[in-house]
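What follows is calculated from the coordinates using simple rules that are stated; it is not laboratory data. Quantities reported herein were computed from a predicted structural model and do not represent experimental measurements. We place every Cβ from the backbone using ideal geometry, glycine too, and count neighbours over all the protein chains shown.
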Amino acid sequence: EDLQKSLIMPEPCPFLSRNLPPCSIIRPTKTKGVAMGALKFLTDMGLFIGQSPAFFALMKRLAQAADAAQREG
């Protein structure tokens, strides 16, 4: 099939290097606050039960930095 942006199901395609096997790429449609959203989701799911307040402070700083990052060039 032709590679089209509007397909509902992802298609295998070359990624990074043609020496690697084809893979399907799913790109997010939302880009603002995604890292904080992921952190909240994983926390709400109980993934981080028992972690210290320092852990959550670090994770929050990392997520905020990721959300603020911009592509260079």
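Quick one: net charge around F41, please, counting Lys, Arg +1 and Asp, Glu -1 for every other residue with C-beta under 15 Å from its C-beta. Numbers along the way, then the final one.
On the way: positive: K30, K40, K60; negative: D44, D67.
Around F41, the charge tally is +1.
What number comes out for the charge environment of A68, summing +1 per Lys or Arg and -1 per Asp or Glu over other residues with Cβ under 13 Å away?
Its environment carries a net charge of +3.
As a footprinting exposure proxy, order S52, S17 by other Cβ within 10 Å, with the fewest listed first.
Placing the least packed residue first, the sequence is S17, S52.
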